[in-house]
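Structure first, commentary second.
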Amino acid sequence: MLLPWTMGHWDTGYLDNRGYFRVYRPDYPRAYGSGYTKRYYIVWWLNTGEVIDTPRYIIHHKNGNKSDDRFDNLEKKEHGQHTLDHNKPRMEAARTECICNTCGVLFHIKRHRLKEKGRGSYCSQQCYKIKRLLGGIKDEAHTLHRSSRVHF
Ligand SMILES: [Zn+2]
Ligand SMILES: [Zn+2]
């Protein structure tokens, strides 16, 4: 007969085909019909008394290993924020640093925008206009990274 899962029987259960460990805990209010639930929900529940209100909230695995359900590795997040947090490193990688030709300020720009004429050389429309008025617009673009250099 199947006993309800406890933290003392950590590895009793199974890894599902998406890499989440599932445990038998039919008394969990959001258990599936089978009585099984992802282990991290149960760990969270046993440690905090809180039933995660999915999909509004989710449990994030801090170290990125979604079967490492130790309580210390878990963090409750709002769904939208969680998605943003996961996309942030990629968004940052897609940015590059540039120095404005007019005012010399360091600014960030999305890499794909460097293909647009004048982008990466001026921090703003304002600075672009000033430079053009001063007749210096044919200057070569200055960027910190050679790879993102732009030529007019
Ligand atoms: Zn996450
Ligand atoms: Zn500027």
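Bear in mind these aren't lab numbers, they're just calculated from the coordinates by the rules spelled out. Source: prediction; values computed, not measured. Using ideal geometry, Cβ is built from the backbone for each residue, glycine included, and neighbour counts are taken over all protein chains shown.
If neighbour count is taken as other Cβ atoms inside 10 Å, put 27, 68 in order from fewest to most. All intermediate terms of the calculation are to be shown ahead of the outcome.
Working: 27 9, 68 15.
With the sparsest Cβ surroundings first, the list reads 27, 68.
Place a +1 charge on the Cβ of each Lys and Arg in the chain and a -1 charge on the Cβ of each Asp and Glu, then give the dipole magnitude about the Cα centre in debye, rounded to the nearest 20. Working shown, then result.
Values: 27 positive and 16 negative charges, 224 e Å.
Roughly 1080 debye for the chain.
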Amide H neighbours of residue 103 at under 5 Å, excluding residues fewer than 5 places away on the same chain, with H built from the backbone geometry, are 123
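Based only on other Cβ atoms within 10 Å, what is the fewest-to-most ordering of 28, 20?
Details: 28 20, 20 17.
By the 10 Å Cβ count, ascending, the order reads 20, 28.
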Cα pairs beyond 20 Å in the chain, in percent, come to 62 percent
Using alpha-carbon positions, the gyration tensor of segment 1-50 gives root eigenvalues a ≥ b ≥ c; with a/c under 1.5 called rounded, otherwise prolate if a/b exceeds b/c, else oblate, the class is rounded
Contour minus Cα-Cα span, residue 67 to residue 106, at 0.36 nm per residue, comes to 9.9 nm
Summing -39500 (n - 2.57) over every DSSP H run of at least 4 in the chain, dividing by its residue total and rounding to the nearest 500, the 222 nm mean residue ellipticity is -7000 deg cm²/dmol
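Taking segment 28-97, which GluC sites (Glu not before Pro) meet the DSSP loop condition and have no more than 12 other C-beta atoms within 10 Å? All intermediate terms of the calculation are to be shown ahead of the outcome.
Numbers: sites: 50, 75, 78, 92, 97; in loops: 50.
In loop regions of segment 28-97 (DSSP not H, G, I, E or B), the sparsely surrounded GluC sites (Glu not before Pro) are 50.
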